[in-house]
1. Failed condition for B:Ser133, given (1) at the interface with chain A (Cβ under 8 Å from one of its Cβ atoms); (2) surrounded by fewer than 18 Cβ atoms within 10 Å (Cβ to Cβ); (3) in contact with a Lys or Arg (Cβ under 8 Å, 6 or more places away or on another chain), with all others met?
2. Looking only at residues that are in contact (Cβ under 8 Å) with a residue 24 or more places away in the chain and assigned to a strand (DSSP E or B) in the range B:144-169, which one is nearest to the other protein chains (Cβ to nearest Cβ)?
3. I'd like to know if the range B:127-137 contains one or more residues that are on the phi > 0 side of the Ramachandran plot and not in a helix (DSSP H, G or I).
4. Of everything in the range A:89-126 that's at the interface with chain B (Cβ under 7 Å from one of its Cβ atoms) and not in a helix (DSSP H, G or I), which residue is surrounded by the fewest Cβ atoms within 10 Å (Cβ to Cβ)?
5. List the pairs whose first member sits in the range B:56-82 and is without any contact (Cβ under 8 Å) to a residue 24 or more places away in the chain, whose second member is assigned to a loop (DSSP other than H, G, I, E, B), and whose Cβ atoms are under 7 Å apart, counting only residues at least 6 apart or on separate chains?
6. Would you please name the residue that is farthest from A:Val106 (Cα to Cα), looking only at residues in the range B:1-32 that are polar (S, T, N, Q) and assigned to a loop (DSSP other than H, G, I, E, B)?
7. Does the range A:2-18 hold any residues that are farther than 14 Å from B:Ala32 by Cβ, crowded, with 16+ Cβ neighbours inside 10 Å and aliphatic (A, V, I, L, M), and which are they?
8. Of all residues in the range A:33-66 being outside any helix (DSSP H, G or I) and in contact with a Gly (Cβ under 9 Å, 6 or more places away or on another chain), which is surrounded by the fewest Cβ atoms within 10 Å (Cβ to Cβ)?
Number of protein chains: 2
Amino acid sequence: MDVMEAILTRRSIRKYAPGKISEEQLMTIIKAGCHAPSAHNRQPWHFVVIRNREKLKKIAEFHTYAKMLHDADTCIVVCGDKERQPQTGFLIEDCSAAIQNMLLAVHGMGLGAVWCGLYPVIHLTRGMKQLLSLPETIIPVGMISIGHKGEEKAAADRFDKSKIHYEEW
Amino acid sequence: MDVMEAILTRRSIRKYAPGKISEEQLMTIIKAGCHAPSAHNRQPWHFVVIRNREKLKKIAEFHTYAKMLHDADTCIVVCGDKERQPQTGFLIEDCSAAIQNMLLAVHGMGLGAVWCGLYPVIHLTRGMKQLLSLPETIIPVGMISIGHKGEEKAAADRFDKSKIHYEEW
């Protein structure tokens, strides 16, 4: 799929059909995340892959907007390492770029995904830290729920010229 | 260009050849930004396009890592609107996803770009707020320096399996 087509037609997919994400597909998705740009190229991200059904259910219990995990094949929690990038703002930016790459990769291979926010909602980051036994220096920034598509969504036209300013506000 | 190829071969381009970015290219790049996902689909981004040579020089004066703007055709400052998304963490995530879409769009059309960080570095966000007369509620998150490529960089292999964890840390 062409990169611009992928960007313009990607939608958040929350309904999934049965079917596994293959190991090769999973590696391709994570590889896409690893190729994001990062401040000073520190690549401060980590990826926790969750496929255990009980664990996916537990996340859906404490995360109001993650009920789709009941039917998802895989969840990837993207975490930032504060030791590698102590500036939290940059850490969030780097991990977000990685997540966006992953969403586009998923869409490009015909699968469906949605980004569920974690940081900066305290009960979500805390819940995830406990569930995944994350070290104190690791921030769970966001997660991606992935599966075979159980819904098709037409491209949304979000281009809004009123958001463009020239030379100043 | 295929989306996965774009993700894997995109590099930060800091050297530019002479030549203008067309209005059509500029709109395509911003359109890519507008099609990022955002928390609760609030699309809290704004894009300030800077092409004035004096203004580009001024940014390079206060931003240590933005010297490439001397030769760039265009700089787009991606800003987040705190009134539309009061949760700063989400605002940064949304704008970062928009920036990553824009970088991939630029690469896909054969141009070169680099992401220069602004938030959370106080003297950078303050300098940009003054230069662009940004309202108090608008955060300059990051900027993209864009131009025709003056350097070619081979793809970097950043895939690192040690960053992958299964079910827990």
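Quick note: the coordinates plus some simple rules give every number you see, no bench work behind them. Bear in mind that the values here come from a model prediction, so they are computed numbers and not experimental data. Cβ coordinates were reconstructed from backbone atoms using ideal geometry, including for glycine residues, and neighbour counts include every protein chain displayed.
1. (3)
2. Applying the filter and picking the extreme gives B:Ile144.
3. First, pick out the residues of the range B:127-137 that are on the phi > 0 side of the Ramachandran plot: B:133.
Pick out the ones that are also not in a helix (DSSP H, G or I) and you get B:133.
Checked against the condition, which is being on the phi > 0 side of the Ramachandran plot and not in a helix (DSSP H, G or I), the range B:127-137 yields at least one hit.
4. The extreme case among them is A:Pro120.
5. B:Leu56/B:Ala72; B:Ala60/B:Ala66
6. Within the range B:1-32, the first condition is being polar (S, T, N, Q), and the residues that meet it are B:9, B:12, B:22, B:25, B:28.
After this cut, where a residue has to be assigned to a loop (DSSP other than H, G, I, E, B) as well, the list is B:12, B:22.
Values: B:Ser12: 23, B:Ser22: 31 Å.
In this case the residue turns out to be B:Ser22.
7. A:Ile13
8. Residues of the range A:33-66 outside any helix (DSSP H, G or I): A:35-38, A:42-52, A:63-66.
Now narrow it down to the ones that are in contact with a Gly (Cβ under 9 Å, 6 or more places away or on another chain): A:44-47, A:63, A:65.
Numbers: A:Pro44: 25, A:Trp45: 25, A:His46: 25, A:Phe47: 24, A:His63: 19, A:Tyr65: 15.
Selected residue: A:Tyr65.
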